[in-house]
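Take a look at the structure set out below.
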Amino acid sequence: MVDPMHFDARAEIYERARPPYPEALWRRLCAVGLLAPGVRIVEFGAGSGQATAPLVEAGAEVTAVEPGPALAARLRARLPSVRVLVETAEAVALSDAAFDAAVVATAVHWLDLDVVLPKLHRALVPGGRFAVWRTVFGDPTARTAFRDQVERIVARREDPPRRSGPGELDTAAWARRLSVGDLFTEEFTELYRWSVDFSSDQVRDLFLTFSEWSAAEADAAAKAVDELGGQVTEHYLSWLILMKRADSSPA
Ligand SMILES: C[S@@+](CC[C@H](N)C(=O)[O-])C[C@H]1O[C@@H](n2cnc3c(N)ncnc32)[C@H](O)[C@@H]1O
């Protein structure tokens, strides 16, 4: 079973190894008015602040909900203006109509949406926005020699970790899941394709942050980079689903 505290146990590596989100995603959030100076945003599963930092830079007032104490400490040190609540999204207490928007960056698959969606509906103002995005580490449309090696490493797993909920590429299923109960309606879904170069050490660190990957597997990925000349270009895909709070709940 995957462990939600995996990231907290690797907080220092997480902060330096995880790449940021693509510029196009931030531009879109600004263009639709979700991100602007003074907007009150609650972020669930903030980690060490990979998404939180650009929110703060854009002038938002951010409340970050992060259950991992080591990650929360890093977030506080990195972004002192952020109110950090060391809680799960399911357990945290939020005041009614306290936020203009909510965001979840590569963390929606860790949340119990049956609990979180009604809580968030209460915590947002009428017309509030809910942006959910996620990076898929390995764009299936971009084959590379390194990705072939990654697939070989994963295929050797005897007991692959399982997780409930839609697959990471199934945006339509995620949009349906976020619409359950008619508390939120989908505005749009978008995909952003981008790439980043990594050394073998950077690949080892990054893969250590993935909850399904063991240390031996991360070492094998780093070795594959060395065998391919010491540097690889990784092609990633980030998706964004923008939801809007439905203003009247079903009877
Ligand atoms: C893959 S990390 C993403 C962190 C950060 N948002 C980012 O973009 O790098 C998933 C995060 O969700 C957090 N998390 C796991 N279960 C959670 C829950 N029930 N409520 C809130 N956060 C949770 C983890 O501690 C971790 O920080």
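The values are calculated or read from the model by the stated rules, or taken from the named source; none is laboratory data. Worth saying up front: this structure is predicted, and the values here are computed from it rather than measured. Virtual Cβ from ideal backbone geometry, glycine too; neighbours counted across all protein chains shown. Just the protein is used for accessible areas: all its heavy atoms, side chains included, with ligands, DNA and RNA removed. Shrake-Rupley method; radii C 1.70, N 1.55, O 1.52, S 1.80 Å.
Out of everything in region 113-155 that is more than 22 Å from the chain's Cα centre (by Cα), open to solvent by less than 40 Å² (accessible area, probe 1.4 Å) and not small (Gly, Ala, Ser), what residue ends up being nearest to the ligand (Cβ to nearest atom)?
Ile153
With respect to Leu29, is the statement that it is away from the ligand (no atom under 12 Å from the Cβ), within 20 Å of Trp133 (Cβ to Cβ) and under 17 Å from the mean Cα position of the chain (by Cα) true? It would help to see each step written out before you state the result.
On the way: away from the ligand (no atom under 12 Å from the Cβ): yes; within 20 Å of Trp133 (Cβ to Cβ): yes; under 17 Å from the mean Cα position of the chain (by Cα): yes.
Judged against the criteria, Leu29 is a match.
Is it true that some residue in region 208-217 is among the hydrophobic types (A, V, I, L, M, F, W, C) and in contact with an Asp or Glu (Cβ under 8 Å, 6 or more places away or on another chain)?
no
I'd like the residue in region 3-16 that is near the ligand (Cβ under 10 Å from one of its atoms) and of a type outside the set (Gly, Ala, Ser) and, out of all such residues, is nearest to Trp110 (Cα to Cα).
Pro4
With the structure loaded, tell me whether Lys244 is modelled with pLDDT of 95 or more, open to solvent by 70 Å² or more (accessible area, probe 1.4 Å) and assigned to a strand (DSSP E or B) or whether it fails that test.
yes
Among the residues of region 156-172, what is the count of those that are open to solvent by less than 80 Å² (accessible area, probe 1.4 Å) and within 16 Å of Ala107 (Cα to Cα)?
7
Pairs please, first residue from region 28-56 and among the basic types (Lys, Arg), second anywhere and within 16 Å of the ligand (Cβ to nearest atom) and open to solvent by less than 30 Å² (accessible area, probe 1.4 Å), Cβ atoms under 6 Å, 6+ apart in sequence or on different chains.
Arg40/Phe99
Quick one: which residue in Ala60, Ala36 is away from the ligand (no atom under 12 Å from the Cβ), surrounded by 17 or more Cβ atoms within 10 Å (Cβ to Cβ), at pLDDT 95 or above and small (Gly, Ala, Ser)?
Ala60
Can you work out which of the residues in region 74-87 that are free of Cβ contacts under 8 Å to residues at least 24 places away in the same chain and not basic (Lys, Arg) is most open to solvent (accessible area, probe 1.4 Å)?
Of everything passing the filter in region 74-87, Pro80 is most open to solvent (accessible area, probe 1.4 Å).
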